[in-house]
1. Can you name every residue in segment 4-14 that is at pLDDT 75 or above and part of a loop (DSSP other than H, G, I, E, B)?
2. With the requirement that a residue be within 44 Å of the chain's Cα centre (by Cα) and more than 14 Å from residue 101 (Cβ to Cβ), what does segment 67-89 give you?
3. Can you name every residue in segment 109-134 that is touching a helix residue (DSSP H, G or I) at 6+ places or on another chain (Cβ under 8 Å) and at pLDDT below 75?
4. Look through 101, 73 and report the one residue that is touching a helix residue (DSSP H, G or I) at 6+ places or on another chain (Cβ under 9 Å) and more than 30 Å from residue 154 (Cβ to Cβ).
5. Tell me the strands (runs of 3 or more DSSP E) entirely within segment 67-171 that contain at least 2 residues that are free of Cβ contacts under 8 Å to residues at least 24 places away in the same chain.
6. For residues that are over 13 Å from the mean Cα position of the chain (by Cα) and closer than 15 Å to residue 43 by Cα, scanning just segment 134-171, find the one that is surrounded by the most Cβ atoms within 10 Å (Cβ to Cβ).
7. Test residue 90 against the criterion of being assigned by TED's automatic domain parsing to the domain that holds residue 46, over 26 Å from residue 45 (Cα atoms) and at pLDDT below 80, and give yes or no.
């Protein structure tokens, strides 16, 4: 079988290429990247706790969004009622603004993410060496992105693209 890196023919039991020195897939305890070949799968316990934390945050956010919608609705109704009064033309613009705010809260994003500290408390979020792992698929990579004109960074698994956590920009 030839070496995957340089193409040199290899004996069947070779652990390293004689041409370039690259470890083969038969090298004991090491992967091609030189890291331990420890297999790490996602953590079902971590996934369950992750889902529970997300649900708590969603219900808390839903409560605040509902209270804000009621407040804006009452305010818009008040301005609309004042606009119907004689000489109430100056209240038309505030009632329109309140209506737009209400529409934005109804259509707004309701994505909820854990903080970095909350994520790393979950079982399975770190491997035996203390390095990051996705609790869903076990992959070690993190894809970080900062939405335009925000002061935070979203961290997603670079393999399964699951949302992991959100932290301050530059973290």
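The values are calculated or read from the model by the stated rules, or taken from the named source; none is laboratory data. Values in this document were obtained by computation on a predicted structure and should not be read as measured data. FYI the Cβ positions are ideal-geometry reconstructions off the backbone, even for glycines, and counts take in every protein chain you see.
1. Selection gives 7, 8, 10, 11, 12, 13, 14.
2. Listed by number, the list holds a single entry, 81.
3. 110
4. Among 101, 73, only 73 is touching a helix residue (DSSP H, G or I) at 6+ places or on another chain (Cβ under 9 Å) and more than 30 Å from residue 154 (Cβ to Cβ).
5. 142-145, 152-157
6. 138
7. When the stated conditions are applied, residue 90 passes them.
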